[in-house]
Amino acid sequence: MTLVSIVTPSYNQAAFLEQTIRSVLDQDHRELEYFVVDGGSTDGSVNIIKKYTNLLTSWRSEKDSGQGEAINKGMKLARGEIVAWLNSDDTYLPGAIAAAVQAFASHPNAVLVYGDTRAVDENNQILNVLHYRQYTLEDLLCFQIIGQPAVFMRRSAFEAAGGLDTSYHFMLDHQLWIKLAQQGEMVHVGQTWASARYHPQAKNRAQAPGFAREAFRLLSWAEGESSLAPVLTRVGRRSKAAVQRVNARYLLDDGQSWQALQAWWRALCTHPPTALARLNLLGSALLNLAGLGAVRKALLELRMKHLSR
């Protein structure tokens with residue numbers, strides 16, 4: 001049976017950490033090693049980790065420079081052919097690891113497999129279900145985002161990519177997918193494998209503008225990579241529009257509706273299909289600017305009720 005290694009980077013997420021740990025330990029794939037790498041939490045997280053000492057392969061709690069360093073530390077200990085990381089506020093759904101192992105067995109040339117992801121709030125209420133498709137390297141360079149909790153990799157590919165670039169704090173996973181996609185096949189499986197947590201303290205909310213800044217930085221990095229130059233030549237305008245669309249999305253999340261509208265307009269002028277694919281960003285920005293943010297909120301709540309049925 002294939003050995004799978006999971007790493008959980010942890011820092012001051014005691015409210016969710018136990019759910020994360022249980023979601024890994026309760027998986028039905030038994031050839032599993034599990035590492036928890038804590039960054040020196042002070043909120044009781046360490047007591048939660050100690051509760052599961054006998055079930056973890058190993059754990060540590062010490063100061064680090066952030067998520068990337070913690071994951072890289074854990075990956076250096078990993079022996080599994082297949083590896084993944086699960087952040088300390090996210091969870092796997094039952095059967096996720098076994099499904100990923102089966103996907104790799106069915107696609108021996110795959111370096112990365114990914115499923116779909118549920119977005120949930122702090123109370124596990126479903127906010128959205130993020131359905132992806134079969135992406136290519138071109139799609140990644142045009143910022144088609146894959147939900148990180150539902151991604152599994154071959155350890156050999158992760159190591160060949162040099163692990164995570166710890167100078168990134170927000171788009172570090174997306175940069176890694178680009179590096180992996182240059183090595184081999186990515187495979188999408190149309191099953192929901194994980195829940196990604198959206199809550200006030202999460203980076204995707206509390207530090208939303210950081211994602212946009214790193215998206216621009218990531219595009220600059222890609223433009224400087226000779227191996228990516230031929231791909232970017234084919235998708236240049238689409239890629240430049242996509243980074244503006246990402247900017248619009250995170251500006252909107254940060255409450256900067258006018259700036260979000262401007263970013264969306266820049267995307268429209270650069271590559272119209274890319275902007276028009278996310279008309280919801282335009283609609284949300286206009287509703288907020290018209291003082292009708294409550295309408296947008298009501299529509300989102302209706303969608304949440306439908307998804308929770």
Which of the residues belonging to the stretch 171-189 are part of a loop (DSSP other than H, G, I, E, B) and surrounded by 22 or more Cβ atoms within 10 Å (Cβ to Cβ)? MET171
Of (1) crowded, with 20+ Cβ neighbours inside 10 Å; (2) polar (S, T, N, Q); (3) in contact with a helix residue (DSSP H, G or I) (Cβ under 9 Å, 6 or more places away or on another chain); (4) over 19 Å from VAL113 (Cα atoms), THR91 fails just (4)
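Among the residues of the stretch 1-18, write down those that are farther than 24 Å from LEU112 by Cβ and in a loop (DSSP other than H, G, I, E, B).
Initial filter on the stretch 1-18 (farther than 24 Å from LEU112 by Cβ): 11-18.
Correct list: TYR11, ASN12, GLN13.
Taking into account only those residues within the stretch 68-113 that are aromatic (Phe, Trp, Tyr) and within 19 Å of the chain's Cα centre (by Cα), which is nearest to GLN191 (Cα to Cα)? Steps first, answer last, please.
Filtering the stretch 68-113 down to residues aromatic (Phe, Trp, Tyr) leaves 85, 92, 104.
Of the ones still in play, those that are also within 19 Å of the chain's Cα centre (by Cα) are 85, 92.
Working: TRP85: 18, TYR92: 12 Å.
Applying the filter and picking the extreme gives TYR92.
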Does any residue of the stretch 80-87 turn out to be in contact with a Leu (Cβ under 7 Å, 6 or more places away or on another chain) and either closer than 10 Å to VAL7 by Cα or free of Cβ contacts under 8 Å to residues at least 12 places away in the same chain (or both)? no
Being modelled with pLDDT under 95 and out of contact with any helix residue (DSSP H, G or I) (no Cβ under 6 Å at 6 or more places or on another chain) narrows it down to one residue among ASP139, ASP116, ASP121; which is it? ASP121
With respect to the numbered conditions (1) without any contact (Cβ under 8 Å) to a residue 40 or more places away in the chain; (2) under 19 Å from VAL4 (Cα atoms); (3) not in a helix (DSSP H, G or I), which one is the sole condition not fulfilled by TYR114? (1)
Mind checking which residues of the stretch 146-170 are in a loop (DSSP other than H, G, I, E, B) and crowded, with 19+ Cβ neighbours inside 10 Å? ILE146, GLY147, ALA161, LEU164, TYR168, PHE170
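A quick yes/no check of all residues on (1) free of Cβ contacts under 8 Å to residues at least 40 places away in the same chain; (2) part of a helix (DSSP H, G or I):
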position	(1), (2)
THR20	no, yes
VAL37	yes, no
ASN54	yes, yes
ASP64	yes, no
GLY74	no, yes
ALA99	no, yes
GLN102	yes, yes
Is it true that some residue in the stretch 67-74 is surrounded by fewer than 20 Cβ atoms within 10 Å (Cβ to Cβ) and assigned by TED's automatic domain parsing to the domain that holds THR192? yes
Residues of the stretch 190-206 that turn out to be outside any strand (DSSP E or B) and either in contact with an Asp or Glu (Cβ under 9 Å, 6 or more places away or on another chain) or modelled with pLDDT of 95 or more (or both), as a count: 7
Can you tell me which residue within the stretch 39-52, out of those that are among the small types (Gly, Ala, Ser) and assigned to a loop (DSSP other than H, G, I, E, B), is surrounded by the fewest Cβ atoms within 10 Å (Cβ to Cβ)? GLY44
Any chance LEU56 is over 17 Å from VAL151 (Cα atoms) and modelled with pLDDT of 95 or more: yes
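The values are calculated or read from the model by the stated rules, or taken from the named source; none is laboratory data. A quick note: this is a predicted structure, and the numbers were derived from the prediction, not measured. Because the Cβ atoms are built from the backbone with ideal geometry, glycine has one as well, and the counts that use them run over all protein chains shown.
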